[in-house]
Amino acid sequence: MPLVEDSPREDNNNQIPPATLDHDNEAYKEEHDNDNDVPVNKKTSFNGRLNQYFHTAKPTSSAPPALPSTKQPTTRTSSPLKRKRTTPPTSTSTSATTRITRSRSRSSTSTPTSTTTTSSSPRPRKPPTPPTTSASDSLLTDTIPPNLTLLLVGVNPGILTGITGYAYAHPSNLFWKLLHWSGITPIRHPPSDTYKLPELYNIGNTNIVERPTRDASMLSKKEMDAGVPILEAKVREKRPEAVCLVGKSIWEAVWRVKVGRGIRKEEFRYGWQDEGMNLGRVEGWDGARVFVATTTSGLAAGMSVMEKREVWDELGRWVIERRKVWEMEKGGGSDGVKVE
(Lines give C-alpha, C1' and ligand atoms only; values in the text may rest on other atoms or scores of the structure.)
Protein backbone atom coordinates (compact mmCIF):
# COMPACT_ATOMS: atom_id res chain seq x y z
CA MET A 1 0.00 0.00 0.00
CA PRO A 2 1.63 3.11 -1.11
CA LEU A 3 2.51 5.59 1.40
CA VAL A 4 0.59 8.75 1.14
CA GLU A 5 2.28 11.83 2.44
CA ASP A 6 0.30 13.47 5.01
CA SER A 7 -0.56 16.97 3.96
CA PRO A 8 0.17 19.52 6.53
CA ARG A 9 -2.61 19.96 8.85
CA GLU A 10 -4.25 23.15 8.30
CA ASP A 11 -5.75 24.99 11.15
CA ASN A 12 -8.88 26.74 10.25
CA ASN A 13 -8.25 29.21 12.95
CA ASN A 14 -5.11 30.42 11.16
CA GLN A 15 -6.79 30.96 7.83
CA ILE A 16 -8.28 34.34 7.07
CA PRO A 17 -11.18 34.35 4.71
CA PRO A 18 -10.74 36.65 1.77
CA ALA A 19 -13.87 38.53 2.55
CA THR A 20 -12.77 39.04 6.06
CA LEU A 21 -9.31 40.18 4.90
CA ASP A 22 -10.78 42.68 2.53
CA HIS A 23 -13.09 43.88 5.20
CA ASP A 24 -10.26 44.18 7.63
CA ASN A 25 -8.16 46.07 5.06
CA GLU A 26 -10.93 48.55 4.55
CA ALA A 27 -11.28 48.93 8.29
CA TYR A 28 -7.54 49.45 8.52
CA LYS A 29 -7.57 52.14 5.90
CA GLU A 30 -10.53 53.87 7.47
CA GLU A 31 -9.01 53.71 10.92
CA HIS A 32 -5.61 54.94 9.64
CA ASP A 33 -7.11 57.81 7.70
CA ASN A 34 -9.30 58.99 10.54
CA ASP A 35 -7.02 58.58 13.56
CA ASN A 36 -3.56 58.83 12.01
CA ASP A 37 -2.58 55.95 14.31
CA VAL A 38 -1.29 52.40 13.93
CA PRO A 39 -4.01 50.17 12.41
CA VAL A 40 -5.35 47.38 14.59
CA ASN A 41 -6.78 44.13 13.28
CA LYS A 42 -8.77 42.78 16.14
CA LYS A 43 -8.83 39.23 14.78
CA THR A 44 -5.07 38.92 14.34
CA SER A 45 -4.07 41.01 17.35
CA PHE A 46 -5.91 39.13 20.03
CA ASN A 47 -8.73 41.53 20.17
CA GLY A 48 -6.42 44.56 20.15
CA ARG A 49 -4.28 43.55 23.08
CA LEU A 50 -1.11 43.64 20.99
CA ASN A 51 -1.69 47.35 20.38
CA GLN A 52 -0.15 48.20 23.69
CA TYR A 53 3.27 47.16 22.40
CA PHE A 54 3.21 49.60 19.47
CA HIS A 55 5.00 52.98 19.82
CA THR A 56 3.82 55.97 17.81
CA ALA A 57 5.28 59.51 17.73
CA LYS A 58 2.74 62.23 18.09
CA PRO A 59 3.36 65.73 16.68
CA THR A 60 4.47 68.27 19.32
CA SER A 61 3.33 71.37 17.50
CA SER A 62 -0.18 72.14 16.45
CA ALA A 63 0.81 75.05 14.18
CA PRO A 64 -0.42 74.61 10.63
CA PRO A 65 2.27 74.09 8.01
CA ALA A 66 3.39 77.13 6.04
CA LEU A 67 1.68 77.55 2.76
CA PRO A 68 3.83 77.92 -0.32
CA SER A 69 4.12 81.43 -1.68
CA THR A 70 1.83 82.19 -4.53
CA LYS A 71 3.64 85.41 -5.54
CA GLN A 72 4.97 85.20 -9.00
CA PRO A 73 8.02 87.17 -10.17
CA THR A 74 7.26 90.04 -12.42
CA THR A 75 9.19 90.60 -15.57
CA ARG A 76 9.81 93.93 -17.21
CA THR A 77 9.18 94.31 -20.80
CA SER A 78 10.92 97.01 -22.67
CA SER A 79 9.68 98.32 -25.88
CA PRO A 80 12.22 99.14 -28.53
CA LEU A 81 13.01 102.82 -28.90
CA LYS A 82 11.47 104.51 -31.80
CA ARG A 83 13.72 106.71 -33.79
CA LYS A 84 12.37 109.85 -35.25
CA ARG A 85 12.98 110.30 -38.85
CA THR A 86 14.58 113.57 -39.76
CA THR A 87 14.25 114.84 -43.23
CA PRO A 88 16.98 117.06 -44.59
CA PRO A 89 15.81 120.63 -45.14
CA THR A 90 15.09 121.53 -48.65
CA SER A 91 16.36 124.57 -50.38
CA THR A 92 12.90 126.11 -50.25
CA SER A 93 12.61 125.81 -46.45
CA THR A 94 16.16 127.14 -45.97
CA SER A 95 15.49 130.23 -48.00
CA ALA A 96 12.21 130.82 -46.15
CA THR A 97 13.97 130.54 -42.78
CA THR A 98 16.66 132.96 -43.91
CA ARG A 99 14.04 135.50 -44.94
CA ILE A 100 12.26 135.25 -41.59
CA THR A 101 15.55 135.66 -39.68
CA ARG A 102 16.53 138.73 -41.70
CA SER A 103 13.14 140.33 -41.18
CA ARG A 104 13.33 139.72 -37.41
CA SER A 105 16.83 141.17 -37.17
CA ARG A 106 15.74 144.29 -39.06
CA SER A 107 12.74 144.80 -36.80
CA SER A 108 14.82 144.33 -33.62
CA THR A 109 17.44 146.78 -34.90
CA SER A 110 14.93 149.44 -35.84
CA THR A 111 12.87 149.23 -32.61
CA PRO A 112 15.10 148.37 -29.61
CA THR A 113 13.32 147.57 -26.36
CA SER A 114 14.13 148.87 -22.92
CA THR A 115 15.08 145.37 -21.73
CA THR A 116 17.82 145.04 -24.36
CA THR A 117 19.22 148.46 -23.48
CA THR A 118 19.31 147.68 -19.75
CA SER A 119 21.09 144.34 -20.14
CA SER A 120 23.72 145.66 -22.55
CA SER A 121 24.82 148.60 -20.38
CA PRO A 122 27.53 147.57 -17.81
CA ARG A 123 27.19 148.49 -14.15
CA PRO A 124 29.54 151.21 -12.96
CA ARG A 125 32.28 149.98 -10.63
CA LYS A 126 33.80 151.92 -7.78
CA PRO A 127 37.48 152.69 -8.30
CA PRO A 128 39.76 150.84 -5.84
CA THR A 129 41.19 152.86 -2.99
CA PRO A 130 44.92 153.35 -3.58
CA PRO A 131 47.08 152.02 -0.72
CA THR A 132 49.12 154.39 1.37
CA THR A 133 52.67 153.49 0.36
CA SER A 134 54.60 156.70 -0.25
CA ALA A 135 56.44 158.65 2.44
CA SER A 136 54.70 161.88 1.43
CA ASP A 137 51.35 160.40 2.60
CA SER A 138 52.58 160.23 6.21
CA LEU A 139 51.99 163.32 8.34
CA LEU A 140 54.43 162.18 11.03
CA THR A 141 57.61 164.26 11.28
CA ASP A 142 60.81 163.79 13.26
CA THR A 143 61.31 165.49 16.62
CA ILE A 144 65.11 165.58 16.98
CA PRO A 145 66.44 168.73 18.60
CA PRO A 146 70.18 168.74 19.42
CA ASN A 147 71.60 167.04 22.52
CA LEU A 148 68.62 164.86 23.46
CA THR A 149 68.83 162.58 26.47
CA LEU A 150 67.10 159.79 24.52
CA LEU A 151 66.13 159.34 20.88
CA LEU A 152 63.42 156.73 20.28
CA VAL A 153 63.69 155.00 16.88
CA GLY A 154 60.71 153.08 15.51
CA VAL A 155 60.48 150.83 12.46
CA ASN A 156 58.03 152.86 10.36
CA PRO A 157 54.70 154.67 10.82
CA GLY A 158 51.49 152.69 10.90
CA ILE A 159 48.46 153.64 8.81
CA LEU A 160 46.75 155.53 11.65
CA THR A 161 50.01 157.23 12.58
CA GLY A 162 50.51 158.34 8.99
CA ILE A 163 46.98 159.78 8.86
CA THR A 164 47.01 161.57 12.23
CA GLY A 165 50.70 162.50 12.35
CA TYR A 166 51.01 161.18 15.94
CA ALA A 167 53.55 158.50 16.84
CA TYR A 168 52.22 155.06 17.80
CA ALA A 169 48.63 156.25 17.41
CA HIS A 170 46.89 152.87 17.20
CA PRO A 171 45.00 152.03 20.43
CA SER A 172 46.47 148.51 20.56
CA ASN A 173 50.04 149.82 20.61
CA LEU A 174 51.72 149.68 24.04
CA PHE A 175 54.25 152.46 23.40
CA TRP A 176 52.73 155.17 25.57
CA LYS A 177 51.85 152.70 28.32
CA LEU A 178 55.39 151.31 28.46
CA LEU A 179 56.85 154.82 28.64
CA HIS A 180 54.73 155.50 31.71
CA TRP A 181 55.12 152.05 33.33
CA SER A 182 58.91 152.22 33.04
CA GLY A 183 59.13 155.78 34.40
CA ILE A 184 60.44 157.33 31.18
CA THR A 185 57.44 159.68 31.44
CA PRO A 186 55.95 160.40 34.89
CA ILE A 187 52.43 160.41 33.46
CA ARG A 188 50.76 158.52 30.65
CA HIS A 189 50.59 160.75 27.61
CA PRO A 190 48.22 160.39 24.65
CA PRO A 191 49.63 160.09 21.10
CA SER A 192 48.69 163.72 20.49
CA ASP A 193 51.58 164.74 22.83
CA THR A 194 54.17 163.39 20.39
CA TYR A 195 55.68 166.81 19.68
CA LYS A 196 55.73 167.87 23.35
CA LEU A 197 58.15 165.18 24.56
CA PRO A 198 61.37 167.09 23.68
CA GLU A 199 60.31 170.12 25.68
CA LEU A 200 58.98 168.14 28.66
CA TYR A 201 61.55 165.32 28.97
CA ASN A 202 64.27 165.98 26.37
CA ILE A 203 63.13 162.87 24.45
CA GLY A 204 62.77 162.75 20.65
CA ASN A 205 61.31 160.38 18.07
CA THR A 206 62.12 159.16 14.53
CA ASN A 207 61.84 156.02 12.34
CA ILE A 208 64.29 153.99 10.29
CA VAL A 209 61.79 153.82 7.37
CA GLU A 210 59.40 156.64 6.56
CA ARG A 211 56.95 154.69 4.40
CA PRO A 212 53.77 153.82 6.37
CA THR A 213 52.41 150.26 6.27
CA ARG A 214 49.79 148.29 8.15
CA ASP A 215 52.45 145.98 9.62
CA ALA A 216 56.23 146.27 9.93
CA SER A 217 56.59 142.79 8.40
CA MET A 218 55.56 144.30 5.06
CA LEU A 219 58.97 145.98 4.81
CA SER A 220 61.82 144.18 3.04
CA LYS A 221 65.33 143.74 4.43
CA LYS A 222 66.67 145.89 1.61
CA GLU A 223 64.38 148.73 2.63
CA MET A 224 65.36 148.36 6.28
CA ASP A 225 69.09 148.29 5.50
CA ALA A 226 68.75 151.40 3.35
CA GLY A 227 67.48 153.33 6.37
CA VAL A 228 70.53 152.60 8.56
CA PRO A 229 72.89 155.19 6.97
CA ILE A 230 70.10 157.79 7.12
CA LEU A 231 69.60 157.06 10.82
CA GLU A 232 73.32 157.32 11.55
CA ALA A 233 73.45 160.66 9.73
CA LYS A 234 70.65 162.01 11.95
CA VAL A 235 72.41 160.78 15.10
CA ARG A 236 75.74 162.19 13.98
CA GLU A 237 74.20 165.59 13.34
CA LYS A 238 72.00 165.92 16.49
CA ARG A 239 74.21 163.90 18.88
CA PRO A 240 71.73 162.42 21.38
CA GLU A 241 73.18 160.78 24.48
CA ALA A 242 71.47 157.42 23.83
CA VAL A 243 69.38 155.81 21.11
CA CYS A 244 66.58 153.33 21.85
CA LEU A 245 65.71 150.98 18.98
CA VAL A 246 62.04 150.04 19.43
CA GLY A 247 62.06 146.54 17.98
CA LYS A 248 64.45 143.67 17.32
CA SER A 249 64.23 144.05 13.52
CA ILE A 250 65.86 147.52 13.68
CA TRP A 251 68.90 146.15 15.49
CA GLU A 252 69.15 143.28 13.00
CA ALA A 253 69.28 145.81 10.15
CA VAL A 254 71.95 147.89 11.94
CA TRP A 255 74.00 144.74 12.55
CA ARG A 256 73.81 143.67 8.90
CA VAL A 257 75.04 147.07 7.72
CA LYS A 258 77.77 147.62 10.33
CA VAL A 259 79.06 144.02 10.62
CA GLY A 260 78.34 142.85 7.08
CA ARG A 261 76.31 139.74 7.98
CA GLY A 262 73.20 138.72 9.85
CA ILE A 263 73.27 138.53 13.61
CA ARG A 264 73.42 135.04 15.12
CA LYS A 265 70.93 133.86 17.68
CA GLU A 266 73.54 133.65 20.45
CA GLU A 267 74.78 137.16 19.63
CA PHE A 268 71.43 138.89 20.11
CA ARG A 269 70.30 140.35 23.43
CA TYR A 270 67.94 143.07 24.60
CA GLY A 271 69.22 146.02 26.59
CA TRP A 272 72.46 147.99 26.31
CA GLN A 273 74.86 147.00 23.54
CA ASP A 274 78.65 147.19 23.35
CA GLU A 275 80.16 150.63 22.89
CA GLY A 276 81.79 149.43 19.70
CA MET A 277 78.29 149.42 18.16
CA ASN A 278 77.52 153.06 19.04
CA LEU A 279 75.69 155.01 16.33
CA GLY A 280 76.98 158.21 14.69
CA ARG A 281 80.58 157.87 15.83
CA VAL A 282 82.84 160.60 14.42
CA GLU A 283 86.23 162.03 15.31
CA GLY A 284 85.94 163.73 18.67
CA TRP A 285 82.65 162.01 19.58
CA ASP A 286 82.20 158.36 20.53
CA GLY A 287 78.64 158.26 19.26
CA ALA A 288 75.34 157.46 20.99
CA ARG A 289 74.94 154.32 23.06
CA VAL A 290 72.39 151.82 21.75
CA PHE A 291 69.61 150.24 23.79
CA VAL A 292 67.54 147.54 22.08
CA ALA A 293 63.96 147.43 23.41
CA THR A 294 61.07 145.17 22.52
CA THR A 295 58.50 146.08 19.93
CA THR A 296 55.38 147.80 21.24
CA SER A 297 53.09 146.69 18.42
CA GLY A 298 49.88 144.95 19.43
CA LEU A 299 50.29 142.55 16.49
CA ALA A 300 53.49 141.06 17.94
CA ALA A 301 52.64 138.20 20.31
CA GLY A 302 56.11 136.71 20.76
CA MET A 303 56.54 138.19 24.25
CA SER A 304 54.12 138.80 27.08
CA VAL A 305 53.45 142.27 28.47
CA MET A 306 55.38 141.47 31.65
CA GLU A 307 58.43 140.37 29.65
CA LYS A 308 58.30 143.60 27.68
CA ARG A 309 58.02 145.63 30.87
CA GLU A 310 61.17 144.01 32.28
CA VAL A 311 63.18 145.21 29.27
CA TRP A 312 61.70 148.70 29.30
CA ASP A 313 62.16 149.05 33.07
CA GLU A 314 65.93 148.78 32.61
CA LEU A 315 65.85 151.71 30.21
CA GLY A 316 63.47 153.62 32.49
CA ARG A 317 65.87 153.46 35.46
CA TRP A 318 68.62 155.03 33.35
CA VAL A 319 66.29 157.74 31.96
CA ILE A 320 65.10 158.73 35.44
CA GLU A 321 68.69 159.33 36.61
CA ARG A 322 69.62 161.26 33.48
CA ARG A 323 66.44 163.36 33.66
CA LYS A 324 67.44 164.59 37.12
CA VAL A 325 70.70 165.90 35.71
CA TRP A 326 68.92 167.49 32.76
CA GLU A 327 66.38 169.20 35.05
CA MET A 328 69.15 170.63 37.19
CA GLU A 329 70.92 171.98 34.14
CA LYS A 330 67.68 173.37 32.79
CA GLY A 331 66.84 174.98 36.13
CA GLY A 332 63.34 173.56 36.52
CA GLY A 333 61.45 170.33 37.07
CA SER A 334 59.02 168.50 34.85
CA ASP A 335 57.60 166.02 37.37
CA GLY A 336 53.88 166.26 37.71
CA VAL A 337 53.51 168.33 34.56
CA LYS A 338 49.99 168.13 33.20
CA VAL A 339 49.78 168.39 29.46
CA GLU A 340 46.53 169.73 28.06
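Taking only segment 160-180 into account, find how many residues are in a helix (DSSP H, G or I), within 14 Å of residue 195 (Cβ to Cβ) and under 33 Å from the mean Cα position of the chain (by Cα). Number satisfying all stated conditions: 1.
Each row is one residue, and each column tells you yes or no for (1) closer than 18 Å to residue 241 by Cα; (2) in a loop (DSSP other than H, G, I, E, B); (3) of a type outside the set (Gly, Ala, Ser).
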residue: 292; (1), (2), (3): yes, no, yes
residue: 296; (1), (2), (3): no, yes, yes
residue: 303; (1), (2), (3): no, yes, yes
residue: 306; (1), (2), (3): no, no, yes
residue: 311; (1), (2), (3): no, no, yes
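Restricted to segment 250-271, and to residues there that are touching a Lys or Arg at 6+ places or on another chain (Cβ under 9 Å) and in a helix (DSSP H, G or I), the residue that is surrounded by the most Cβ atoms within 10 Å (Cβ to Cβ) is 253.
Consider residue 289 carefully, then state whether it is within 23 Å of residue 200 (Cα to Cα) and loosely packed, with under 15 Cβ neighbours inside 10 Å. Against the criterion (within 23 Å of residue 200 (Cα to Cα) and loosely packed, with under 15 Cβ neighbours inside 10 Å), residue 289 does not qualify. Residue pairs whose Cβ atoms lie under 8 Å apart, separated by 6 or more positions or on different chains, with the first residue in segment 183-202 and among the charged types (D, E, K, R) and the second at pLDDT below 95, are 193/339; 196/339.
Here is the figure for segment 194-209: residues that are surrounded by fewer than 19 Cβ atoms within 10 Å (Cβ to Cβ) and in contact with a Leu (Cβ under 9 Å, 6 or more places away or on another chain) total 1.
In segment 143-170, the residues that are over 16 Å from residue 216 (Cα atoms) and in contact (Cβ under 8 Å) with a residue 40 or more places away in the chain form Cβ pairs under 6 Å with partners that are of a type in the set (Ser, Thr, Tyr) and assigned to a helix (DSSP H, G or I), at six or more places apart or across chains, as follows: 143/195. Within segment 210-246, how many residues turn out to be at pLDDT below 95, within 23 Å of residue 166 (Cβ to Cβ) and assigned to a loop (DSSP other than H, G, I, E, B)? Number of matching residues: 7.
The values are calculated or read from the model by the stated rules, or taken from the named source; none is laboratory data. What you see is a predicted model; the values in this text were computed from it and never measured. Quick reminder, even Gly has a Cβ in these numbers, built from the backbone with ideal geometry, and neighbours come from all protein chains shown.
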